[in-house]
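Contents: one structure, followed by commentary.
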Amino acid sequence: MALNNLRLLLSVLFKNQSFRNAATYSRYLRSFRDRPLYPSFSIQPTTFSKYDMNILAYLKNIGWESLVTNMRFSQCPEAVRLFYVNLRCGPGSNPDSFTTLVYDYEIKVTPGLLASVLDLPHNGIQAGTDREFYQSGFRFDHALESLARDIGRWFPFKLDAGKFPDDLKVLFFFLTRWFLPRDLGNTDLIHSPDLWILFNARAGRRISYSSLMFQHMIKFGRDYYGGPLPFGPQITRFLYRLGIGLRDKVIVCDVLDDLRPQHVIVRLDALVGSRKPVTSSGGVNSHQQIASSALVNTAAPACKQDATTKSGPKRKLMLEKDLMLPNFVYESNQINDPITPDSDSGDEDRVSGYASPPSYPF
């Protein structure tokens, strides 16, 4: 399949090999062949407004509001695993590019390429490593002191997100399960990129999501960084838009239903301030206030009931050849992207048909 965009053409080279060497193939068999992909789900930041949390405002502050629209979930697990196992960085502790092999094609990946192909936010401060954060004038101790509460005189070696106020706890949940998903056993600890994002969201400075995503991919290409592989749908769409053939490959649409704010609140043990319930006519009963303890007590049984449902997530397997993929078009900045249609195309596989969410692993 020919590429019409010169920049993309220079980023993809045919190599006629599936692995870099025998050692990489052995590593694939040992650590990647059966590696799970991070679970897909949908959650809207506007659903937290009834708890007086304006999460969308934080996302707009850093220029990430586009990430919560037109979500895609279809992914090719085999291609995603090859993407990570063949990932190799150049010399230096802060690489500005990496190369990887997927189905006999070598790809040179940069934050700019990710942004242009996937339409990711790349404006504002372009930083993804601790050194780049520091060079931009960011100071971790000052940021932590301004955001967290009850940190004590000396900062602990490991700080969990329970020190944040409720709205930042929710934003932290978005970061660790969606924007920069990590090992499910390590989602409570605050990492330096988390603090960088939260501080700028509070301060109202735009930062590059593409730069952070790029560095996050590098971590999961290393043996010692465990857990499910993130960005499955994004990597699949990235390969499609580069013109790398995924025909006759299994495409999985494994999507959990919309995640409800009550689940997040109970999971984070949020205090939650008073809320104003909305009446059936769309008005607000301003005289009714629900205390935080009552709200949590009400939300907990509902989430417990959801967690005990016996039905599992809707899962659909299909062959890419059954999608009847047309040729890609790279003209006038319009990309024909058949595997990830726009949200208004009526794609019924984007979310499952559950009336209530199943038991989530996070």
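For this structure, a couple of remarks:
- The stretch 112-150 versus the stretch 43-86: alpha-carbon centroid distance in Å: 17
- Cross-link pairs LYS108/LYS169; LYS50/LYS163; LYS169/LYS249 - those with Cα-Cα distance over 29 Å: LYS108/LYS169; LYS169/LYS249
- Counting only protein heavy atoms and a probe of 1.4 Å, the accessible surface of the stretch 27-110 is 47% carbon and sulfur.
- Per residue solvent-accessible surface (Å²) - the stretch 157-268, probe of 1.4 Å: 30
- Computed lengthening from PHE14 to THR110, 0.36 nm per intervening residue step minus Cα-Cα distance: 32.7 nm
- Proportion of all alpha-carbon pairs of the stretch 25-171 beyond 23 Å (%): 58
- The stretch 43-140 - accessible surface per residue (Å², probe 1.4 Å): 41
- For GLU106, residues with placed amide H under 5 Å, excluding near neighbours: LEU13, PHE14, LYS15
The values are calculated or read from the model by the stated rules, or taken from the named source; none is laboratory data. This is a predicted model, so every value here is computed, not measured. Surface areas here come from the heavy atoms of the whole protein model, side chains and all, with no ligands, DNA or RNA. Shrake-Rupley method; radii C 1.70, N 1.55, O 1.52, S 1.80 Å.
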